[in-house]
Structure formats: C-alpha cells, structure tokens
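Report on the structure given below.
The values are calculated or read from the model by the stated rules, or taken from the named source; none is laboratory data. Quick caveat: nothing in here was measured; it's all calculated off a predicted structure. Every residue, glycine among them, receives a Cβ derived from its backbone with ideal geometry; neighbour counts consider all protein chains shown. Calculation scope for accessible area: heavy atoms of the full protein, side chains included, ligands and nucleic acids excluded. Shrake-Rupley method; radii C 1.70, N 1.55, O 1.52, S 1.80 Å.
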Amino acid sequence: MSNGRLAAGEDLTAKEAGLSLLLEIGTEEIPARFLPFAINMLRDDAISIFNEHSIGFSDVRTYATPRRLVLLIKGMPAMQRDRVKEVFGPPRRAAFDEDGNPTRAAIGFANSQGVEVSDLVIKHRDRGEYIVAVVRQKGVAVRDLLPEILRKVILSLRFPKSMRWGEGSIRFVRPIRWMLALFDGETIPFEIDGIKSGNVTRGHRFLSPGSFIIKEISSYINLLENNYVIVDQDERRDMIIEGITRLASSSGGRVLKDEELLDTVTHLVEYPMPVLCEFSTDYLNLPKELLTTVMKGHQKYFAIEDEDGRLKNYFIVISNTREENSAVIRAGAERVIKARFEDARFYYEEDLKRPLDARIEDLKRVTFHERLGTLYDKTERVVRLASYLSERLTPDKRGRIERAAWLCKTDLITGVVTEFPELQGLMGKYYAMHDGEDRSVAEAIMEQYLPRHSGDRLPETDEGAILSISDRMDNIAAFFSLSLTPTGSEDPFALRRQALAVIAILMERGYNISLNDLVGKATGVLYDAIPSLPGNSMLNKEIADFFLQRLEPFLSSEGHDTDIIQSVLHLADSVPLIEIKERIHAIKRFTDDAGYSGFLLAMKRINNIIPDIEIPALNKDLLFERQERILYSDAMNIRPLISRMLRERGFYEALMLLQTLTGPVNDFFDGVLVMDKRDEIRLNRLALLKEIWTMSLSVADFSKLSGKG
C-alpha cells in the first residue's frame with residue numbers, strides 16, 4: 001500500500017477532507033516484473049503533478065493487478081489553492097530610463113502579464129536587476145482541472161518496454177482497454193486516443209468477465225472483490241503467504257523461502273488461490289537446486305521442504321481461479337511438472353556420462369567474445385591469473401586452484417546449464433563431485449560466481465575466492481581493453497558489480513595484494529594472450545580508478561565517515577585493501593585522542609604553505625635556526641619507525657608517532673620565518689616541511705580530515 005502526504009500549506013476543512021479521486025487504467029495483461037515499478041511510478045508522478053497544480057491531498061494509494069493500474073487519492077479540496085507566480089521580465093536598465101520612467105519594454109511586459117506598471121518590482125538574478133511581475137492566480141474548481149491532470153498522469157507513465165496498438169499514437173506498457181475516473185462520485189470525462197473515461201470497470205477476465213458501474217468510490221475495492229479481483233497487491237501477497245503456509249504444513253513440510261517468487265506470483269494473478277500438488281518421489285534423486293529451478297523458473301511453483309531442508313515431493317501452484325477448480329488446476333500442474341522433470345532428468349543423466357575434464361577441448365568451439373577469443377582462451381587466462389594469485393596468497397592450495405580454474409567453465413556446455421543458465425557453477429559442482437574431483441575444487445567451481453548480486457554471500461574457500469577474483473579481473477581487463485566500459489546507467493557486462501565483488505572478497509579474505517598489482521597482472525596476462533588488442537598506456541590507471549570509484553561508496557555503506565575514507569583513498573591502489581579498512585579504524589580511534597585537534601591544525605599549517613611545484617632537495621646544512629634543526633631531527637628520528645610500523649600494520653601507533661611532531665611544528669612556525677627573502681633558505685625550509693608532509697601522506701592525507709567539533 002502506497003501513501004502520499006498532505007501537501008505543504010494545505011488546510012482541509014471537514015467537508016473538503018471527504019473528497020476522493022479514483023482513477024483506474026484498464027489494460028491487457030501487464031508483465032508481472034513491471035508492476036512493482038508501475039505502482040511506485042504512478043504514486044510519485046501523481047503526487048508531483050497534483051502538487052504542481054496546487055491541489056492538496058491527505059493520502060495517496062496506488063494498486064496494480066495484471067489488468068489494471070489504480071490511483072486512489074483521499075482528502076482532496078473542492079478548490080485549487082490560490083497561487084502567486086513571479087515572472088521575470090527585461091533588465092531594469094532596459095525597463096526604466098535615467099529619470100525612472102517606464103520604457104516601452106516595461107509597459108509591454110506589464111500588459112502581457114495583466115498587471116499595472118506600478119505593481120512591477122525589482123529583483124536580483126544572474127548578477128543583475130530585473131523587473132518582476134507578481135501574478136496572483138485565483139484557484140479554480142478542482143473538478144474542472146481533473147480531465148487534463150488525469151490525462152497528464154497517465155501519459156507521464158514510462159516503462160522499460162512499451163508499445164503502440166491499432167491506429168493509436170500513444171505508447172503504453174500494454175493496450176489500454178478502459179479508463180474509470182471518479183471524483184466525489186461523479187465521472188471525470190476525458191479521452192486518450194479515442195478511449196473515453198467513464199464509471200465502468202471490469203471484473204476477473206474469466207470468473208466475472210462482464211462490466212459493472214462504480215457509483216461510490218468507497219465501494220470500489222469491495223465490488224471488485226465480489227467480482228474476483230483483489231486489487232490491493234499487499235492483500236494478495238498476504239493471501240498467498242497464508243495459503244502456501246497452510247498447505248505446506250498439511251503436507252508435513254514448509255515452503256522453501258523465495259521472496260522473488262512470492263513477488264512474481266503476487267503480480268501474476270488477480271484472485272490468488274493456492275493449490276497443493278504432488279510429484280513422484282523418483283525425481284528426488286535429482287539435485288535439489290535443479291528441481292526447484294524447474295519449479296520456479298518455468299512454472300512459478302513453490303517448492304516444499306522438510307525441517308532438515310530436504311525437498312519433499314509436493315509443490316504449490318498459485319492459480320487465478322476459484323477453489324472449486326482446484327482439481328483441474330492440480331491435474332494440469334502435475335502433468336506439466338512431470339514433463340519438465342523428465343526433461344531435467346534426461347539432461348542431467350546425459351551430462352553425467354561425460355566428465356568435466358573431457359569437455360575442456362569443447363570450449364574451443366564456444367566464442368566468449370569475437371575479439372577476445374573462445375571460452376577456452378578465457379579459461380587459459382583465468383588459469384594463469386589464478387595460478388599467480390595462489391602462488392602469492394595461498395601457495396599450498398595452488399594445485400587445487402589451478403584444477404578448478406581449468407574446469408570452471410566446462411559446465412556451461414552441459415545440457416542442464418544450456419537449458420537452465422542460472423544453474424551455472426552449481427551444476428559444475430555436482431558434476432565435479434560425481435567425477436571424483438577434490439571437494440574444494442568442486443566448491444570453487446560453484447563459488448566463482450559468488451557474490452551473484454548485492455548482499456549475496458561471498459566465497460567461503462580460498463579456492464573459490466581466488467577463482468572468483470581471477471574470472472572477474474579477466475572480464476574487467478578484457479572489456480576495458482576494448483573500451484567497452486560502463487557509461488551512465490548502461491553497464492551491459494556488469495563490470496561495476498564485478499568490481500564491487502572483487503573489493504568485497506579482497507576485504508573479506510584480507511589478501512595481501514594491492515589493486516595495482518592485481519590490475520597489472522590481469523592486463524599483462526590479457527596482452528600476452530592477445531597481443532593484437534589495441535594498445536593503451538593508461539589502461540591500468542583507468543581500471544584502478546574504476547575500482548577506486550567503487551571503493552568509496554563501498555566503505556561508506558559500512559558506516560565509515562566520509563572525510564576519513566577520503567584521507568586514505570590516495571593509498572588504496574598501492575596497498576592491500578584490508579589495510580585501507582584498518583587505517584580507517586586507526587584514524588577513527590585517533591580522532592578521539594586529546595591531541596588530535598592540535599596535531600591536525602599543525603599538519604594543515606604545513607599543507608597550506610608548501611608549494612605544488614618542484615623544489616630543491618632538503619639540505620640540512622642550511623638549517624640555521626634552533627627550531628628548524630629540532631624539527632628536522634625529530635622528523636628524521638621517527639621516519640624509520642613509522643616505516644616499520646606501517647610494514648607491521650601498526651597504523652594507530654604510526655599516528656601517535658606523527659603526533660609527537662605537533663610541538664616542534666608549532667615552534668617552527670612561531671620562531672622561524674619560512675618565507676625568507678633569501679631563495680635558498682626559503683626553499684630549504686619549504687623542503688623540510690614537504691619532507692614531513694610526504695612522510696605523513698604514507699599514513700593518511702590529513703588535509704581531508706576535519707577537526708573535532
């Protein structure tokens with residue numbers, strides 16, 4: 001159920017608060033995947049358009065079924081609010097002469113806006129003064145405005161796919177067959193493409209196909225229900241949940257939880273009626289995921305499992321009919337699922353006759369991309385990259401990782417995965433286990449695709465994690481090399497999602513490798529394998545920057561402060577990502593230290609004065625003043641200690657060491673004239689400060705941090 005709110009400044013009287021508007025757009029069946037989007041779009045567009053016309057309301061609700069989109073607004077006034085509009089005219093210098101008399105430009109503008117010249121005012125805009133007409137518009141009856149407003153609401157709706165039909169000129173998600181429009185019980189007349197609005201709606205296409213009149217808006221939902229249409233999608237969802245829970249319990253099991261399937265079936269039917277069905281226990285010998293994919297993907301059936309998670313030989317279909325038709329629905333569904341399971345069993349048993357390693361050569365006949373070679377070519381690159389990463393990160397698992405990499409794409413050419421692509425990786429795991437492969441190899445074949453989407457689980461094994469990184473890094477390097485990069489909202493190869501997955505895995509596993517090393521190896525393997533690819537000297541930087549653009553929002557989503565994140569981003573391509581998170585935690589802890597604010601001020605004094613240009617190297621023999629000699633000595637003493645702490649990932653300790661420079665830095669600025677008239681002295685003092693700033697940058701960029709309020 002979708003709710004709007006009272007428009008700003010609206011004061012409804014008791015009489016006005018009772019006025020309601022009902023708009024129903026009747027259509028041919030709208031695909032279920034479009035309806036959640038349509039519900040929100042209809043609500044948002046309606047709120048925007050009514051506010052634009054200064055018409056208040058107290059509540060906005062939008063509903064949808066496969067055959068209708070519904071807008072119900074309550075608490076509307078009878079009259080539009082009075083409005084004041086400011087219209088800018090010509091510049092003041094063109095509107096009035098030197099004596100302040102109005103010119104023809106001012107007089108013409110005032111006449112065009114229906115105001116007196118004396119009523120014009122002067123306002124500033126765009127660095128100048130302009131004359132402005134303040135136009136007061138009296139509100140009119142809302143009823144008179146609604147025909148055009150409702151047309152505007154309907155025509156504002158945009159869908160991922162739309163169509164034209166007949167001789168009409170408009171585009172809509174599906175052909176519009178009728179429009180119902182009532183305001184306070186009276187029909188609002190308007191027309192779109194020859195379709196006239198009225199007070200008539202239609203019931204369920206098969207159970208109550210006739211038309212009937214809606215006389216009162218308050219009776220609309222109940223009358224539809226009496227004609228086998230549950231218009232409220234939340235009510236349909238609740239009915240489905242109650243029904244499938246009850247039927248699953250009667251079979252001694254529970255419904256396999258699937259929110260995506262629940263959303264789909266909610267928007268597939270107007271009158272949901274769950275029906276319990278059964279299939280032969282013989283099919284339970286097939287992989288559980290294969291059976292549930294057949295039930296969900298092709299038939300939109302709910303699977304049932306026992307308390308231990310084992311599949312039972314029952315399923316539930318959500319029909320769009322009355323309960324007395326359940327027997328017919330059950331017979332049809334059981335007949336269909338048997339045929340589908342037979343197909344699945346045939347593919348599965350055929351696949352088992354040939355081991356995965358016998359399919360490696362077959363990958364040479366499958367194109368990965370016309371400019372990037374075959375799946376076999378891609379596999380070779382993934383093997384090389386995975387071998388390198390395992391040698392660096394988990395050398396004891398290198399053999400298993402290389403084996404998994406060789407087999408990782410072979411299930412793509414099996415019968416089951418060809419028929420059910422969503423089972424890629426998972427079927428590879430089953431087949432690998434059947435072939436007697438090491439269990440970690442089988443798991444890695446499945447885990448290469450994790451995470452499949454935002455919020456999905458990450459690989460749980462090193463074998464799977466390294467294979468997942470290798471596969472995605474090859475994809476990113478390959479498509480970037482061809483300049484097939486994401487643009488705006490377009491990302492056809494899902495490279496943004498793949499980059500986020502690599503970041504998440506590197507963070508989770510704590511792998512000791514930098515983005516620069518990872519990107520450099522991926523592009524190196526790619527160009528070694530395909531030397532004909534177009535050269536790009538900036539490719540590695542472009543890919544690294546692409547990752548860094550994903551890293552900041554990734555860290556923000558974990559609740560870290562923006563300024564702290566930005567203070568370490570300059571290091572994110574050159575140090576392991578796990579270190580970035582550890583530095584963030586250390587800086588956060590440091591900001592609570594009593595000396596933090598004073599230290600930050602001292603560091604910003606340095607950053608504010610050092611130049612961006614190249615300056616001569618520091619010459620300690622030119623340090624004459626006591627304060628600059630002390631600062632130099634203290635800085636040089638802690639520099640090797642900070643380097644060691646960074647190597648040992650003692651980031652908080654490194655920050656505390658840097659903090660010891662607060663006093664010497666302040667003494668330096670208080671006792672030494674940095675901008676000495678002598679060039680060599682001035683540049684040497686700036687070089688000293690630059691040395692300190694450069695040393696501090698190895699820990700964090702303190703110019704990005706804010707003081708404690």
Next on the checklist: Residues to consider are 672, 665; find the one that is modelled with pLDDT under 95 and surrounded by 16 or more Cβ atoms within 10 Å (Cβ to Cβ).
Outcome noted: 672
Checklist entry - Among the residues of region 237-256, how many are open to solvent by less than 20 Å² (accessible area, probe 1.4 Å), among the hydrophobic types (A, V, I, L, M, F, W, C) and closer than 25 Å to residue 225 by Cβ? => result 2
Checklist entry - Can you tell me which residues in region 270-302 are within 16 Å of residue 244 (Cα to Cα) and open to solvent by 10 Å² or more (accessible area, probe 1.4 Å)? => result 271, 273, 274, 276, 278, 292, 296, 299, 300, 301
Next on the checklist: The conditions are (1) at pLDDT 95 or above; (2) more than 23 Å from residue 289 (Cα to Cα); (3) out of contact with any Asp or Glu (no Cβ under 6 Å at 6 or more places or on another chain), and residue 204 fails exactly one of them. Which is it?
Outcome noted: (3)
Checklist entry - Which members of region 55-106 meet the condition of being among the charged types (D, E, K, R) and either more than 23 Å from residue 137 (Cα to Cα) or assigned to a helix (DSSP H, G or I) (or both)? => result 59, 61, 67, 68, 74, 92, 93, 97, 98, 99, 104
Checklist entry - Is there any pair linking a residue in region 21-39 that is under 17 Å from residue 151 (Cα atoms) and open to solvent by less than 50 Å² (accessible area, probe 1.4 Å) to one that is in a helix (DSSP H, G or I) and of a type in the set (A, V, I, L, M), with Cβ under 8 Å and at least six apart or on different chains, and which? => result 21/146; 21/217; 22/217; 23/150; 23/153; 23/154; 25/154
Item to check | Within region 512-531, tally of residues that are outside any helix (DSSP H, G or I) and closer than 18 Å to residue 375 by Cα | outcome: 2
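Taking region 538-567 as the search range and keeping residues that are polar (S, T, N, Q) and more than 21 Å from the chain's Cα centre (by Cα), which one is surrounded by the fewest Cβ atoms within 10 Å (Cβ to Cβ)?
By that ranking, first place goes to 566.
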Checklist entry - Can you name the residue in region 393-440 that is among the basic types (Lys, Arg) and under 31 Å from the mean Cα position of the chain (by Cα) and is also nearest to residue 461 (Cα to Cα) among such residues? => result 429
Checklist entry - What residue, among those in region 83-136 that are of a type in the set (Gly, Ala, Ser) and more than 25 Å from residue 54 (Cβ to Cβ), is farthest from the chain's Cα centre (by Cα)? => result 100
Checklist entry - residue 234 versus (1) surrounded by fewer than 16 Cβ atoms within 10 Å (Cβ to Cβ); (2) farther than 22 Å from residue 42 by Cβ; (3) in contact (Cβ under 8 Å) with a residue 60 or more places away in the chain; (4) out of contact with any Asp or Glu (no Cβ under 9 Å at 6 or more places or on another chain): which is the lone unmet condition? => result (2)
Checklist outcome for this item: Out of (1) open to solvent by 30 Å² or more (accessible area, probe 1.4 Å); (2) over 30 Å from residue 511 (Cβ atoms); (3) not aliphatic (A, V, I, L, M), the one residue 369 does not meet is (2)
Next on the checklist: Taking the condition of being open to solvent by 30 Å² or more (accessible area, probe 1.4 Å), of a type outside the set (Val, Ile, Thr) and outside any loop (DSSP other than H, G, I, E, B), how many residues in region 675-696 meet it?
Outcome noted: 6
Next on the checklist: Exactly one of these conditions fails for residue 530: (1) modelled with pLDDT of 95 or more; (2) among the β-branched types (Val, Ile, Thr); (3) over 23 Å from residue 388 (Cα atoms). Give me its number.
Outcome noted: (3)
Checklist entry - Do we find a residue being modelled with pLDDT of 95 or more, part of a helix (DSSP H, G or I), open to solvent by 30 Å² or more (accessible area, probe 1.4 Å) and touching a helix residue (DSSP H, G or I) at 6+ places or on another chain (Cβ under 6 Å) anywhere in region 321-332? => result no
Checklist outcome for this item: Within region 50-105, restricting to residues that are in contact with a strand residue (DSSP E or B) (Cβ under 6 Å, 6 or more places away or on another chain) and of a type in the set (Val, Ile, Thr), the one that is surrounded by the fewest Cβ atoms within 10 Å (Cβ to Cβ) is 84
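Taking the conditions exactly as written (of a type in the set (S, T, N, Q) and in contact with a helix residue (DSSP H, G or I) (Cβ under 8 Å, 6 or more places away or on another chain)), does residue 567 satisfy them or not?
yes
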Item to check | Any hit, region 269-289, residues being touching an Asp or Glu at 6+ places or on another chain (Cβ under 8 Å) and in a loop (DSSP other than H, G, I, E, B) | outcome: yes
Item to check | Per-region count, region 233-258, residues under 27 Å from the mean Cα position of the chain (by Cα) and either hydrophobic (A, V, I, L, M, F, W, C) or in a helix (DSSP H, G or I) (or both) | outcome: 4
Checklist entry - Considering 686, 646, 697, which residue is over 18 Å from residue 613 (Cα atoms) and either of a type in the set (A, V, I, L, M) or under 44 Å from the mean Cα position of the chain (by Cα) (or both)? => result 646
Next on the checklist: Checking residue 638 against (1) in contact (Cβ under 8 Å) with a residue 12 or more places away in the chain; (2) within 37 Å of the chain's Cα centre (by Cα), only one condition comes out false. Which one?
Outcome noted: (2)
Checklist entry - Out of (1) among the aliphatic types (A, V, I, L, M); (2) modelled with pLDDT under 90; (3) part of a loop (DSSP other than H, G, I, E, B), the odd one out for residue 30 is which? => result (2)
Checklist entry - How about region 590-604: which of its residues are within 13 Å of residue 692 (Cα to Cα) and loosely packed, with under 15 Cβ neighbours inside 10 Å? => result 604
Checklist outcome for this item: Going through region 637-655 in order, the residues found to be in contact with a Ser or Thr (Cβ under 8 Å, 6 or more places away or on another chain) and of a type in the set (A, V, I, L, M) are 638, 642, 646
Checklist entry - Considering only helices (runs of 4 or more DSSP H) fully contained in region 549-668, which possess at least 1 residues that are aromatic (Phe, Trp, Tyr) and closer than 30 Å to residue 392 by Cα? => result 651-659
Checklist entry - Which residue, of 490, 508, is surrounded by fewer than 21 Cβ atoms within 10 Å (Cβ to Cβ) and under 20 Å from the mean Cα position of the chain (by Cα)? => result 490
Checklist outcome for this item: If you go through 458, 407, 385, 389, the only one that is surrounded by fewer than 22 Cβ atoms within 10 Å (Cβ to Cβ) and either charged (D, E, K, R) or modelled with pLDDT of 95 or more (or both) is 458
